[in-house]
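Below you'll find the structure, written out as structure tokens, and then a few comments.
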Amino acid sequence: MSAPELHRATLPNGLRVLLAPDPATPVVGVAVHVDVGFRSEPEGRTGFAHLFEHLMFQGSESLAKLEHFRQVQGAGGVFNGSTHQDYTDYFQVLPGAALERALFLEADRLRAPKLTEENLRNQVDVVKEEIRLNVLNRPYGGFPWILLPPILYDTFPNAHNGYGDFTELEQATLDDAAAFFDTYYAPGNAQVTVHGDFAAAGGVDEVLALVEKHFGDIPARPAPPRPSFGEPLPGSERRDSVADAHAPMPALAIGYRVPDPSSALDEYLGHALLASVLGDGEAARLQRRLVHVDGLVTDVGASNGLMGGPLDARDPDTFTITAVYPGTVDPDRVLGAIDEELDKLAAEGPSAEELARQSARWAASLHHEDDRVMYRMLGLGARELLYGRAEIAQELPTRIAAVTPEQVRGAAESLRSTGRAVLLVEPTGGTAAGSEDPAELADLEEAGA
């Protein structure tokens, strides 16, 4: 599949526009990426970015509650939204002929969502129930994406719980919501991406004219300054433990800092391939060593990115290794085996064959994902917002294939030469079915649910 040609524009009110026509698909997608994630929420309002995502589905200036849903579904489309470390996105995919409807719907709520006391209280209750379901009443809830950052990081933006504290959520007021909207949902702090079939609209110029028609009259407001969330690397190992009444077995997570993808993309991708070499597939090194040879763990994995995926956040981000193991196993044995495998890679790197296998697995996964207009659009929009280059999404398979064994060796050496965080999950009795997805907050939730 050939990459779509990208077209950029900025409206007078500051809204950035990314157009990616693709005549090979009969549908069109519209996404709005807002430059605010849970790292931007103010102290005392943990979980507010995610709460606000819910509020944006509760009606708008011209549409009653649930009308947005009916309009999209009535056109045969799908829609959703999600909250991440550094952005919140809203998106829909419809038949090409319904493009203007999609632009109207997204512009209407970016202009004026329906912020009422009833909607606020209702969505606070919805988010609290989501936390109960996904964190409090589930084995390994919040593992590791909520529990690990307070050990690895020192500052509030990087260390706090992005799902939110019940007390702080309950104390949220309409004034808080209005201030959050005025600050972060200014058009100059957002980006619209349109991807897919432009034929029904007449082409790129016509689609841009439709974007201007629906978004251009949203009043300009000052965009908030984007703070740096950088902080010093940990100088040594930091360790902490948490009790889990639902976990059937102990677990551990190790967290390391990774290079900044905006300034060191090649080094970052070296870490991404390292995660694959360690944990992707039955032939991966940690799978072979810890599961099949030593029998120390029942499950092990590695990820270059706190929320479970690469290139989804600005600096700093986190390389994680997680393992679940029997209660008869000393966690230091698990940590020692992991360190030995990292030391081997730091000394020798992976073999060319091993790296080629993992590169092929990742490339196949990327191409499979890109079969869907929704994921192509979201990949383009997120990389444009985060790094200023949507082209990174298009280049990724080629850049991954070009990663060398030496780059992966250097990534392993980097992990072994810096401080890290170690989280131990200790069962306190009882068993439960189910498991926690560490990327739950960034998963595509059922809008408004």
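The values are calculated or read from the model by the stated rules, or taken from the named source; none is laboratory data. Note that the coordinates shown come from a computational prediction; the quantities given were computed from them, not determined experimentally. Note that each Cβ is placed from the backbone with ideal geometry, even for glycine, and that neighbours are counted across all protein chains shown. Note: accessible area is taken over every heavy atom of the protein model, side chains too, but ligands, DNA and RNA are not part of it. Shrake-Rupley method; radii C 1.70, N 1.55, O 1.52, S 1.80 Å.
Some values worked out for this structure:
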{"read-out": "Count of Lys pairs (Cα-Cα under 28 Å; at least 8 positions apart or interchain) in the chain", "value": "5"}
{"read-out": "Dipole magnitude of segment 144-252, debye to nearest 20 (Cβ charges: Lys/Arg +1, Asp/Glu -1, about Cα centre)", "value": "260"}
{"read-out": "Listed values (i) 25, 55, 20, 0; (ii) 22, 48, 25, 5, 0; (iii) 26, 57, 17, 0, entry calculated as P(r) over Cα pairs in 20 Å bins from 0, in percent", "value": "(i)"}
{"read-out": "Cα shape, segment 230-275, gyration tensor, a/c 1.5 rule", "value": "prolate"}
{"read-out": "Length gained when the stretch ASP260-GLU43 is fully extended (0.36 nm per residue, less Cα-Cα span)", "value": "75.6 nm"}
{"read-out": "Per residue accessible area of the chain, 1.4 Å probe, in Å²", "value": "38"}
{"read-out": "With 10 Å bins from 0: P(r) over segment 1-138, alpha-carbon pairs, percent", "value": "10, 35, 36, 16, 3"}
{"read-out": "Accessible surface of segment 278-403, 1.4 Å probe, proportion on carbon and sulfur as whole %", "value": "49"}
{"read-out": "Semi-axis lengths, Å, segment 174-305, gyration tensor of Cα atoms, sqrt of 5 times eigenvalues", "value": "44, 24, 17"}
{"read-out": "Segment 229-251 residues near the modelled THR418 label - backbone nitrogen below 16 Å, point 7 Å along Cα→Cβ", "value": "229-238"}
{"read-out": "At most 10 other Cβ within 10 Å, DSSP loop - trypsin sites (Lys or Arg not before Pro), segment 217-303", "value": "none"}
{"read-out": "Relative contact order (%) - criterion: Cα under 8 Å, at least six apart; region: segment 278-394", "value": "19"}
{"read-out": "Loop-resident sites, segment 222-321, for GluC sites (Glu not before Pro), counting at most 16 other Cβ within 10 Å (DSSP)", "value": "GLU282"}
{"read-out": "Cα centre as origin, Lys/Arg/Asp/Glu Cβ charges: the chain dipole, Debye", "value": "300"}
{"read-out": "Span-rule helices in the chain, defined as complete DSSP H runs reaching 20 Å or more along the axis (Cα) with Kyte mean at least -1.0", "value": "265-279, 331-348, 352-369, 373-387"}
{"read-out": "Cα shape, segment 100-224, gyration tensor, a/c 1.5 rule", "value": "prolate"}
{"read-out": "Gyration tensor (alpha-carbon) shape descriptor, segment 123-177, a/c threshold 1.5", "value": "oblate"}
